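As structure tokens, the structure follows; a few thoughts come after it.
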Amino acid sequence: MAGKKMKQEKAGSFRKRFVAGLKRQWVLHLMLLPMVVFLLVYSYYPMAGILIAFERYNPRLGFFRSPWIGLDNFRYVFKMPNTGQILYNTVFISFMKMLFGLVVPIVFAILLDLVKHSGYKRSIQTLIYIPYFLSWIVLSGILIDILSPSTGIVNQLLGFFGIDPIFFLGDEKMFPGVLIVSDVWKGFGYGTVVYLAAITSIDMELYDAAKIDGANRLKQVRYVTLPGIMPIIVLMATLSLGNILNAGFDQILNLYNPTVMKTGDIIDTFVYRIGLQNNQYGIASAMGLFKSVVSFAFISIGYTLAYKFADYRVF
């Protein structure tokens with residue numbers, strides 16, 4: 001009885017604190033309401049479409065009257081001959097983007113931090129940050145022009161050195177490399193800003209002490225800069241695990257073509273093609289649901305690691 005009474009008192013105390021906080025901060029809750037409604041309408045309500053993955057979906061019958069077929073769509077997807085290649089492409093491209101998207105900004109931030117001229121440093125920061133704000137539709141057009149085998153500036157430079165033109169966007173071996181390099185080019189400016197901010201928070205006395213001990217610039221980077229920004233590196237690396245199956249739908253959709261389908265097709269483009277173009281909604285939904293479940297697992301692992309190694313908390 002005493003334990004039950006204590007639980008009731010705790011529950012009553014929690015309700016009182018909650019109501020008091022709600023009354024005190026009702027303006028903030030009111031400001032939050034539109035985004036909550038937006039989230040419910042565009043993120044949670046569409047989740048009813050998960051049913052399509054277990055149905056032989058007919059748009060005329062809708063979600064609740066289409067024939068239920070259980071896991072048949074999933075069995076069909078994983079028996080398709082190109083499913084293994086699609087999964088490999090997705091994991092390989094996304095992993096390489098994550099790896100180079102982590103390493104390149106760190107290296108560039110360290111090199112940029114060594115530049116002493118503030119005006120030159122700000123100019124470089126601005127230039128490398130611009131592509132981050134451009135959509136893949138714009139950047140894809142730029143890449144198609146730059147990498148054109150006939151008029152592209154890259155092939156013109158190769159021709160100057162006697163190298164035959166390379167069809168970068170039509171060669172299935174070259175295409176994944178183009179995706180990785182262009183994605184890093186677009187996003188490394190943002191990462192550089194993050195790591196530069198982390199570097200500026202390092203106590204300058206540590207660098208002075210390293211200089212007194214005879215450390216040159218390379219050793220200062222090794223023993224002061226890298227350990228100082230290691231929590232941010234660990235945080236960014238662990239949080240990126242949730243994107244292991246996000247290889248870049250916008251980028252690939254605007255750049256790929258049938259000649260590079262073998263190495264360029266990923267889960268998202270497969271779902272788009274087979275679902276919206278071929279009207280096989282159940283199969284597309286099954287593949288999309290599989291991707292969502294795996295991504296959710298990696299996000300959970302990422303946040304757990306971020307909490308453990310970087311003391312990162314969502315709330």
Q. Going through the range 111-169 one residue at a time, which ones are out of contact with any Gly (no Cβ under 7 Å at 6 or more places or on another chain), under 17 Å from residue 257 (Cα atoms), not hydroxyl-bearing (Ser, Thr, Tyr) and not in a loop (DSSP other than H, G, I, E, B)?
A. 136, 137, 139, 141, 142, 143, 144
Q: Could you please tell me which pairs satisfy a Cβ distance under 6 Å, a separation of 6+ or placement on different chains, a first residue in the range 173-185 that is in contact (Cβ under 8 Å) with a residue 40 or more places away in the chain, and a second residue that is outside any helix (DSSP H, G or I) and of a type in the set (A, V, I, L, M, F, W, C)?
A: 178/168
Q: Would you be able to say whether some residue in the range 154-165 is in contact (Cβ under 8 Å) with a residue 24 or more places away in the chain and of a type outside the set (Ser, Thr, Tyr)?
A: no
Q) Does at least one position in the range 274-284 carry a residue that is in contact with an Asp or Glu (Cβ under 9 Å, 6 or more places away or on another chain) and either farther than 18 Å from residue 88 by Cα or buried (at least 21 other Cβ atoms within 10 Å of the Cβ) (or both)? A) yes
**Q.** Verdict on residue 211 being basic (Lys, Arg) and surrounded by 17 or more Cβ atoms within 10 Å (Cβ to Cβ)
**A.** no
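I want to confirm something. Restricting to the range 21-73 and keeping residues that are aromatic (Phe, Trp, Tyr) and part of a helix (DSSP H, G or I), which single residue is nearest to residue 280 (Cα to Cα)?
54
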Q) Does any residue of the range 11-31 turn out to be of a type in the set (A, V, I, L, M), closer than 28 Å to residue 293 by Cα and modelled with pLDDT of 85 or more? A) no
Q) Is it the case that some residue within the range 73-95 is touching a helix residue (DSSP H, G or I) at 6+ places or on another chain (Cβ under 8 Å), surrounded by fewer than 11 Cβ atoms within 10 Å (Cβ to Cβ) and either at positive phi or not small (Gly, Ala, Ser) (or both)? A) no
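The values are calculated or read from the model by the stated rules, or taken from the named source; none is laboratory data. The model shown is predicted, which means the values in this text are computed figures rather than measured ones. All Cβ positions, even for glycine, are placed from backbone atoms using ideal geometry, and neighbour counts span all protein chains on display.
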